[in-house]
Structure formats: C-alpha cells, structure tokens
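Notes follow the structure.
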Amino acid sequence: MRGRTGFTLVEVLIVLALITLLAALLYPAISRVRDEARCTACASNLRQMAAAALVYANEHGGQFPWAYRRVAGYRSWSWDFCIAASGEVQPGLLWEGVSSGGANRVLQCPAYLNGPSNAPGDPYTGYNYNTSYIGKAEGDSGSRKAPARLSQLKEPGRTALFGDGQYEGGANKYMRAPVREKAFDGSGKSTRLAGTQGFRHRGKTNVAFCDGHVESLRKPYTADGSPGNTAPGCGFLSPDNRLYSLDKD
C-alpha cells in the first residue's frame, strides 16, 4: 500500500493558524525593534546637526546660525534650507561650515517620512531649531537682535539646540520655549504652540543640546502649564523655559 503523499485540509489550516499566531506574537517585537532603530538613526542625525552648528559658530566668532532671515532674491532663507526666487533649493546656513554634501537626509527624521513638510519646497523634514533663545528669527519681537553666542551659554549641556519638531499642523522648523520672554522672543502663544516637539519615538522625543550630546525625553509639557493647548503627541521640553534659555539662574 502506497504511503500518503499530501496534507489534509485540516492539517493545512492548522499550519496556517500556527503561522498566523507566531506572526501576531512576533509583530510587537519586530515593531519595537524597528522603532528603536528609527530613534537611534534620528539621534545620530541630531548629533550631526549639533556638530554642524558648533562648527559654524566656531567659524563665525562664536555666533550660532540665524534661524530665519529676509534675504533679497529668496523666497525663504532658513537655517536648514534656502529657496531661491527661481524655486531652487539650496543648503541653509547650518551647512556653511561643512562640506557641500552636508545638507542631505540628515535633515529627515526617519520616524516622520510621510508627514507634512516643514515648508513648501523643503526636500526633508521633521526637525526644528531653538529659535526663542539660540537662532534668532529676523523680525521676531524681543530686544535680542542676533543669534546667541557660545560665550553666552551658562549650561550648554542643558540648553536645547535641535529636536523633533512637530505641532498640530505637521512638522515645524522653529523650536519655541513655552513661556513668553520679551527680552528674547515676545511672540504670542499661537507662535509658541507652533514650535512644540513631537514625542514620536514610542512616546519619546529626541533633543540635541548645545554641547553636542543627544537625549530622549519622555514627558511633554503644555504651554504655560495649561492643559489641552498642545496637539496630541506633542509638547514642550519643560514646563518653563529652563531647557531652552541661556540664563540658568
């Protein structure tokens, strides 16, 4: 009598059920590993951005790059990218002190690949720059008229430089401190709320500090301590300006 050469329908269904069960059990672990890899890649990007900013400052008398300026012949002139009147996208000030190939996918957060861009025409997106205290935006209110200098940093290791920018409208390029400080950035609350951070790495947000190191922070804070005024998954780095400010006294 010849032996059986195939599987019964019941056996096939059992095997498929086992494969489905194993996949369901493994998916959370695979997803966690993938998210951690993206978080690590993001931290590496921010480290490189901080290094570029420090190179720029050392080559410009200790002054950090501008966050934004009005320049004739440009639609936009920002720290990350500049867009000429012709529509040509060029590397921004951050990359002036490094090789011409510096402005590449370092400026793309790997956990924000399909989100709304920072601004029309920007090829990459997902990060913002401490505009309240470090990289002044020309035209902002406040008595400070230029970007901060290295010599002004009392605690560079506790002063945010770059991070995972995000608010209710998508990504943002300009990080803002939560509390109005007229001497530096007297902007209104709506502007500050547009400069929050995205806690997109399994509830964490990555921050590069002015000494070049990067941390992942878990707790988002609301503006001025009031609940319900930041978008879901977004928030400030501290309840006051302590992680943004130059003055730690």
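In segment 144-154, the residue that is farthest from Ala208 (Cα to Cα) out of those that are among the aliphatic types (A, V, I, L, M) and assigned to a loop (DSSP other than H, G, I, E, B) is Ala146. Does segment 150-163 contain any residue that is in contact with a Lys or Arg (Cβ under 9 Å, 6 or more places away or on another chain) and small (Gly, Ala, Ser)? Among the residues of segment 150-163, not one is in contact with a Lys or Arg (Cβ under 9 Å, 6 or more places away or on another chain) and small (Gly, Ala, Ser), which makes the answer no.
Here Pro110 meets each of (1) open to solvent by less than 20 Å² (accessible area, probe 1.4 Å); (2) touching a residue at least 60 places away in the same chain (Cβ under 8 Å) with one exception, condition (1).
Give the residue that is surrounded by the fewest Cβ atoms within 10 Å (Cβ to Cβ), with candidates limited to residues of segment 189-224 that are among the hydrophobic types (A, V, I, L, M, F, W, C) and modelled with pLDDT under 95. I'd like the intermediate steps shown before the answer.
Here is the first cut: in segment 189-224, the residues among the hydrophobic types (A, V, I, L, M, F, W, C) are 193-194, 199, 207-210, 214, 217, 223.
Cutting the leftovers down to modelled with pLDDT under 95 gives us 193-194, 223.
On the way: Leu193: 21, Ala194: 18, Ala223: 21.
Step by step, filter segment 189-224, then rank; the result is Ala194.
The residue of segment 58-83 that is farthest from Asn172 (Cα to Cα), among those that are in a loop (DSSP other than H, G, I, E, B) and of a type in the set (Phe, Trp, Tyr), is Phe64.
Taken as a whole, the structure places Gly157 among residues that are modelled with pLDDT of 95 or more, outside any strand (DSSP E or B) and within 21 Å of Ala51 (Cα to Cα).
The condition of being acidic (Asp, Glu), buried (at least 16 other Cβ atoms within 10 Å of the Cβ), outside any loop (DSSP other than H, G, I, E, B) and touching a residue at least 12 places away in the same chain (Cβ under 8 Å) holds for Asp164. Just to be sure before I move on: is Tyr124 crowded, with 16+ Cβ neighbours inside 10 Å and either in a loop (DSSP other than H, G, I, E, B) or without any contact (Cβ under 8 Å) to a residue 12 or more places away in the chain (or both) in the structure I sent? Criteria met by Tyr124. Within segment 102-148, restricting attention to residues that are β-branched (Val, Ile, Thr) and in contact with a Cys (Cβ under 9 Å, 6 or more places away or on another chain), the residue that is farthest from Lys182 (Cα to Cα) is Thr125.
Would you confirm whether any residue within segment 127-135 is surrounded by 15 or more Cβ atoms within 10 Å (Cβ to Cβ) and small (Gly, Ala, Ser)? Yes, because at least one residue in segment 127-135 is surrounded by 15 or more Cβ atoms within 10 Å (Cβ to Cβ) and small (Gly, Ala, Ser). Within segment 108-154, restricting attention to residues that are aromatic (Phe, Trp, Tyr) and under 21 Å from Val55 (Cβ atoms), the residue that is modelled with the lowest pLDDT is Tyr124.
Take the residues in segment 98-107 that are surrounded by 12 or more Cβ atoms within 10 Å (Cβ to Cβ) and assigned to a loop (DSSP other than H, G, I, E, B); name whichever of them is modelled with the lowest pLDDT. So, considering only residues that are surrounded by 12 or more Cβ atoms within 10 Å (Cβ to Cβ) and assigned to a loop (DSSP other than H, G, I, E, B), the one modelled with the lowest pLDDT is Gly102.
The values are calculated or read from the model by the stated rules, or taken from the named source; none is laboratory data. Small disclaimer: the values here were computed from a predicted structure and weren't measured. Cβ: placed from backbone, ideal geometry, glycine included. Neighbour counts: every protein chain shown. We work out accessible area using only protein heavy atoms, side chains counted, and drop any ligands, DNA or RNA first. Shrake-Rupley method; radii C 1.70, N 1.55, O 1.52, S 1.80 Å.
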